[in-house]
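The values are calculated or read from the model by the stated rules, or taken from the named source; none is laboratory data. Quantities reported herein were computed from a predicted structural model and do not represent experimental measurements. Here Cβ is always computed from backbone atoms with ideal geometry, including for glycine, and neighbour counts include all displayed protein chains.
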Amino acid sequence: MIINRKFLPPLALVGALALIPVTASSFAAAETTNYQELEKFMSVYERVKANYVEKVDDKTLIKGAIDGMLSALDPHSSYVEANDFDQLRTTTDGNYGGLGLTVSIEDGAVKVVAPTEDTPAWRAGVKAGDYITHINGELVYGLSLDEAVEKMRGAPGTPIKLTLVRPGRDKPLELAMNRERIELRPVKWEIKDGIGILNINTFSGNVADQTKSALLSIDKATGGKPLGYIVDLRSNPGGLLDQAVDVSDAFLEGGEVVSQRGRDKDDIERYYARPGDMAHGLPVIVLVDAGTASASEIVAGALQDHRRALVMGEKSFGKGSVQTVVQTGPQAALRLTTARYYTPSGRSVQAGGIDPDIIVPQLSDEDYKDRPRIREADLRRHLLAQSKVEDKLLEKDDTPDPRFAAKAAELEKKGIKDYQLAYALNTLKRLAAATPPKPAGGAPKKSR
């Protein structure tokens, strides 16, 4: 997700409730329809309070009303309190306890969007598209998303067993693992065949600085002569908007990175790159897949639109909305979708995703043909594309090039465990051979 961090002074919940009748009265003078709708709410509230089979407190009723109101909007708006608030804060900070999974709810079932690399779920073999049916033998069908996530989280070191249904497999899978403190290493880098590989797996608070540090380290390790760079954004669920802008900035000499557009026509905010390409104009390939979402799509879209990078892999997730987190109490926050974002060329990624320049399936994954790709367009109540042009993006074919006829077993014999990365390495070598060398240099850009 893309998150704008925004905190307002705490509000007293009891005080807010006390204002409801007064607010309804003031609305009555200005707009009868609003008053009537609020009257409906108060009528139901009073009837439930008086006649429900068991006593129920005001806090439970109001929390349920808020949850119901937000559930009528889109899948990414929510209200959190207490433990959920702590989880929201630590997740955006990149440090939390659990399994390292991004999940969604589909028809009452818990569906895996993507596991995060180097986490318990990733090491145990959980894959995108898996359905989690049981947690420690307990059926989780019908739970809310927050309830399912709560069951997967726990104290570091405690064991947990997941029962999964994987499309293409005849029998359920039983995977055992231990919960861990998820302290993400958002940026990892290595050099292979003279090519710098940056694996960015989230966009938490310090990703941009770590990306720039990795570029400098690669430059130093290769004597200032890398052939180019591969930026791996696969299964990156996103994060903070400012970090996505700064990471894009590291590869651009200037120009718009992304625009953020709210409900009103004049509500537009644009973000720009500053002079200084830390990759020195060398060839860049960005790897994406169905788990590449939100902030990751900002980076891929910006580099693609500026013709700064070749995007390769599979169509991305398609989350083109921005959530603003507003703290509404000491331990409560509203996460509300407040804008859509657009790439430099004016494309809305919402529900359409980033289409790669070259579609490359992950042939080294034996289940790649049968595993469903979950994207924003599959989620209930997702925001729609805003024009007929954007609607056409949803219809693009995801069929891989017929040249990709290799089988997983054949790749295994050749020692290829990551076909997409191997294909990107070979492609970048050819690009480097065709690209005239440019002098390295230039001071790193300062953090925003």
Query raised in the report: out of contact with any Ser or Thr (no Cβ under 7 Å at 6 or more places or on another chain), at pLDDT below 70 and not in a loop (DSSP other than H, G, I, E, B) - does that describe any residue in the range 373-390?
Result: yes
Query - Hits in the range 149-164 - residues which are at pLDDT 90 or above, out of contact with any Lys or Arg (no Cβ under 7 Å at 6 or more places or on another chain) and surrounded by 15 or more Cβ atoms within 10 Å (Cβ to Cβ) - result: Lys151, Met152, Leu162, Thr163, Leu164
Query raised in the report: All but one of (1) outside any strand (DSSP E or B); (2) at pLDDT below 85; (3) over 16 Å from the mean Cα position of the chain (by Cα); (4) of a type outside the set (A, V, I, L, M, F, W, C) hold for Thr92; which doesn't?
Result: (3)
Requested in this report: Scan the range 165-177 residue by residue and report those that are surrounded by 16 or more Cβ atoms within 10 Å (Cβ to Cβ) and more than 19 Å from Asp370 (Cα to Cα).
Outcome: Leu175, Met177
**Report entry** Of residues in the range 122-148 being hydrophobic (A, V, I, L, M, F, W, C) and assigned to a strand (DSSP E or B), the one surrounded by the most Cβ atoms within 10 Å (Cβ to Cβ)
**Finding:** Ile132
Query raised in the report: Is it true that some residue in the range 326-333 is farther than 17 Å from Glu269 by Cβ, touching a residue at least 60 places away in the same chain (Cβ under 8 Å) and assigned to a loop (DSSP other than H, G, I, E, B)?
Result: yes
Query raised in the report: Within the range 256-296, can you find the residues that are farther than 26 Å from Thr435 by Cα and buried (at least 23 other Cβ atoms within 10 Å of the Cβ)?
Result: Val258, Asp289, Ala290, Gly291, Thr292, Ala293, Ser294, Ala295, Ser296
Query raised in the report: Where residues in the range 199-229 are among the aliphatic types (A, V, I, L, M) and surrounded by fewer than 24 Cβ atoms within 10 Å (Cβ to Cβ), which of them is farthest from Val112 (Cα to Cα)?
Result: Ala221
Report summary line: Residue set Asn199, Asn178; condition more than 30 Å from Leu227 (Cβ to Cβ) and of a type outside the set (A, V, I, L, M); output residue Asn178
Report summary line: Note on the range 174-208: residues out of contact with any Pro (no Cβ under 8 Å at 6 or more places or on another chain), more than 25 Å from Ala422 (Cβ to Cβ) and modelled with pLDDT under 95 are Ile182, Glu183, Leu184, Gly205
Requested in this report: Assess whether Val22 counts as being modelled with pLDDT under 80, β-branched (Val, Ile, Thr) and more than 37 Å from the chain's Cα centre (by Cα).
Outcome: yes
Report summary line: Expected single match for surrounded by 14 or more Cβ atoms within 10 Å (Cβ to Cβ), part of a loop (DSSP other than H, G, I, E, B) and at pLDDT 70 or above among Pro436, Pro344 is Pro344
